[in-house]
1. Is the chain rounded, prolate or oblate when judged by the Cα gyration tensor, a ≥ b ≥ c being the square roots of its eigenvalues, rounded requiring a/c under 1.5 and prolate requiring a/b larger than b/c?
2. How high is the relative contact order of the range 7-214, in percent, with contacts defined as C-alpha pairs under 8 Å that are six or more residues apart?
3. Please sort through the DSSP H helices of the chain and keep those with an alpha-carbon extent of at least 20 Å along the long axis and a Kyte-Doolittle average not below 1.0.
4. So if we plug the beta-carbon distance of Tyr181 and Thr63 into 1/(1 + (r/R0)^6) with R0 = 25 Å, what FRET efficiency do we get, rounded to 0.05?
5. Pull out a ≥ b ≥ c, the square roots of the eigenvalues of the alpha-carbon gyration tensor of the range 95-215, then state rounded if a/c is under 1.5, prolate if not and a/b is larger than b/c, and oblate in the remaining case.
6. Report the paramagnetic label zone for Glu45: residues of the range 100-139 whose backbone N is under 11 Å from a point 7 Å from Cα along the Cα-to-Cβ axis.
7. Mind checking the dipole of the chain: about its Cα centre, +1 per Lys or Arg Cβ, -1 per Asp or Glu Cβ, Debye to the nearest 20?
8. Which of Trp48, Leu185, Ala97 sits closest to the plus end of the dipole of the range 7-214, meaning its Cα is farthest towards the positive end, when Lys and Arg get +1 and Asp and Glu get -1 on the C-beta?
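Throughout, read-outs are computed from the coordinates displayed, never taken from laboratory work. Predicted, not measured: the structure shown is a model, and the values here were computed from it. Reconstructed Cβ throughout: ideal geometry from the backbone, glycine too, with neighbour counts over all protein chains shown.
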Amino acid sequence: MINGLGPAQYVLILQGLKWTLLLSAIAFGGGVVGGGMVALCRASEFRWLRIAATCFIEVFRGTPLLMQLFMTYYGLALLNFPLDPWIAVAIGFTLNASAFLGEIWRGSIQAIPRTQAEAARALGLHYWPMMVTVVLPQAVRLSIPPTVGFLVQLIKGTSLAAIIGFTELARTGQLLSNITYQPLLVYSVIGAVYFVVCWPVSWLGKRMEGRLAAG
């Protein structure tokens with residue numbers, strides 16, 4: 001039993017924070033790429049692409065993230081594709097982020113008035129040049145606040161990775177609580193660390209939203 005939190009325990013907390021931030025960065029980066037493709041498929045002229053993107057979004061938005069992590073880790077292992085916990089959670093969070101960001105950006109694309117697209121076609125622009133030069137620049141501007149908001153949820157959601165043995169910030173807190181027998185102290189520190197990380201991102205999102213609304 002350890003009484004209180006000493007330097008060694010705070011080092012462990014910082015290591016857990018490192019893995020939380022790294023997982024968040026990988027999931028968000030992969031989600032940006034995947035979400036962009038999903039959003040473009042969702043807004044495509046081809047019906048089969050819209051159907052495939054809609055099914056993908058509905059599956060990942062309509063099921064718990066915890067279940068998705070279980071399926072990625074344990075489900076693939078049952079199919080003789082065992083994955084390291086780190087790879088499994090990275091894939092699970094990336095797919096989940098792709099679905100949510102894809103829907104956020106799909107809404108931003110469809111929020112652009114149809115007259116913009118009609119004017120672009122009148123100027124002779126085909127679908128992809130129109131999307132790249134007319135629609136997407138405006139949609140990106142609209143999507144920034146909800147995208148930042150999702151990033152905050154993603155950082156906090158990485159705590160679910162502990163369920164399959166990935167030692168991030170929340171899992172580190174659980175281990176330290178078991179060692180020190182002081183859960184209130186340990187989880188207060190863990191909560192404070194999450195707050196220090198997430199609050200500036202939330203503040204930035206609100207500030208950007210205010211600026212865009214004023215614009």
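1. Working: a/c = 3.66, a/b = 1.79, b/c = 2.04.
Oblate is the answer for the chain, as a/c is 1.5 or above yet b/c matches or exceeds a/b.
2. Relative contact order for the range 7-214 comes out at 29 percent.
3. Numbers: long enough: 7-42 (50 Å, 1.20); 47-61 (21 Å, 0.67); 85-111 (39 Å, 0.83); 136-157 (29 Å, 0.86); 183-214 (45 Å, 0.96).
TM-like helix candidates: 7-42.
4. Values: r = 36 Å, r/R0 = 1.45.
The calculated FRET efficiency here is 0.10.
5. Values: a/c = 5.88, a/b = 2.64, b/c = 2.23.
The shape class here is prolate.
6. 121, 125-131
7. Numbers: 14 positive and 7 negative charges, 95 e Å.
For the chain, the charge dipole is close to 460 debye.
8. Result: Trp48.
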